[in-house]
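Following: one structure in structure tokens, then a few remarks.
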Amino acid sequence: MQQPPTSKRNRYVAVPPGKRPATVALPPRGDGWRGPRSRRTITRDDAAAFGSLAPFVADGEVTDVFVNGPHSLYVDRGTGAGLEPDWSATGHEALRALAVRIIARGGRHLDEAEPCVDVRIGDGIRVHAVLPPVSTGGTILSIRLPRTEPPTMSELRGRGAFGDGIEDTLRAAVAARTNVLITGAGGSGKTTLLAALLACAEPADRIVAIEDVAELRIAHPHVIGLESRQANIEGAGEVGLPRLVREALRMRPDRLVLGECRGAELRDLLAALNTGHDGGAGTLHANSLADVPSRLEALGALAGLDPRAVARQAVSAIGMVVHVERRAGRRRVAELGEFGLDRDGRLTVTAISGTGAGEAGRTNGRAA
């Protein structure tokens, strides 16, 4: 039997009002700029949840929003956090209600039983909230906002992120499928550089990215994202990073990526990178290149690995260490390094390019 023709009216699926893009007026810039500005798309439901913070969330130039109590808001537009003197909440209870609403938008509860919560909202907006009395100065909100467009190496070059020859070395490492570990302090640009590097991979490569909270935005046609899940109120349903690493290995990744090494998942990642999974990458918090060995040893201890086991695994698995830093509001690659072993079989790292090139390798902050 011939089916009746589909009417034009039935060809389209209506978008619920709450999922439609919100129209939010951007906050004025302190420098008086009145030209075109970048805008981050958020839904009406997201705008309602963020309330008086929505204008800053919608501002495409803003990278971080910090609420330190009802009368203190700091906003970072890429050059360092600055105070927004015109913003304030009506009081402690109003700010607490705002934080509870924002966290609920991310699918979790914020209350006395769970006063510290981290969630992802929408397309990569990361929110961390802390309630009193854990926070002694009132409700605290830390909001990290994704870039409006995935980062590229050429864009980072334009911002002065690379010294002489650094960009060519990094591109060559990606082309040679070298396993790369990107290190740096919080907010130094590790995730941004990682995304830009992965965008240089061959289009046919299947990239599987594992993150605690999804932040990576990679300009690549074949990216699979896996995000950890915390346990529910009954203590069930947790899916941690170590399990996600093991699950990712069953997806036949051409490049295995761990957004941040912060615990026992280091053991699974090093094991994977040592068994033929080249072209992988990850990030690690470290204040300097010299601190990286001790940081890996500390994480290895959480996974039951002794320092020498960590050293042997790391030397075999990771071909390059890229340390990034943020100074005077500018994020840049400070040093490139490579791992080695000292006479006692402990991990060392030697700077091969950058400000520390030519120095002796270091182990646990001491000259090797």
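The values are calculated or read from the model by the stated rules, or taken from the named source; none is laboratory data. Just so it is clear, the model here is predicted, and its values are computed rather than measured. Please note: Cβ atoms are built from the backbone with ideal geometry, for glycine as well, and neighbour counts cover all protein chains shown.
Scanning segment 172-223 for residues that are under 14 Å from the mean Cα position of the chain (by Cα) and at positive phi, we see that the one that is surrounded by the fewest Cβ atoms within 10 Å (Cβ to Cβ) is Gly187.
Going residue by residue through segment 269-279, is there one that turns out to be under 14 Å from Leu226 (Cβ atoms), among the acidic types (Asp, Glu) and either crowded, with 24+ Cβ neighbours inside 10 Å or assigned by TED's automatic domain parsing to the domain that holds Val315 (or both)? The answer is no; no qualifying residue exists. Within segment 279-324, the set of residues being over 25 Å from Arg255 (Cα atoms) and either touching a residue at least 60 places away in the same chain (Cβ under 8 Å) or basic (Lys, Arg) (or both) comprises Asn287, Ala290, Asp291, Ser294, Arg308.
Please determine, by comparing only the residues of segment 107-136 that are surrounded by fewer than 20 Cβ atoms within 10 Å (Cβ to Cβ) and among the small types (Gly, Ala, Ser), which one is farthest from Ala231 (Cα to Cα). Per the criteria, the residue is Ser135. Scanning segment 137-168 for residues that are assigned to a helix (DSSP H, G or I) and surrounded by fewer than 16 Cβ atoms within 10 Å (Cβ to Cβ) yields a total of 5. Has segment 40-54 got any residue that is out of contact with any helix residue (DSSP H, G or I) (no Cβ under 6 Å at 6 or more places or on another chain), farther than 16 Å from Arg120 by Cα, modelled with pLDDT of 80 or more and not in a helix (DSSP H, G or I)? No, the conditions are met nowhere in segment 40-54.
When we screen Ile182, Ile102, Ile166 for residues that are farther than 21 Å from Ser38 by Cα, outside the structural domain of Tyr74 (by TED's automatic domain parsing), touching a helix residue (DSSP H, G or I) at 6+ places or on another chain (Cβ under 7 Å) and not charged (D, E, K, R), the only hit is Ile182.
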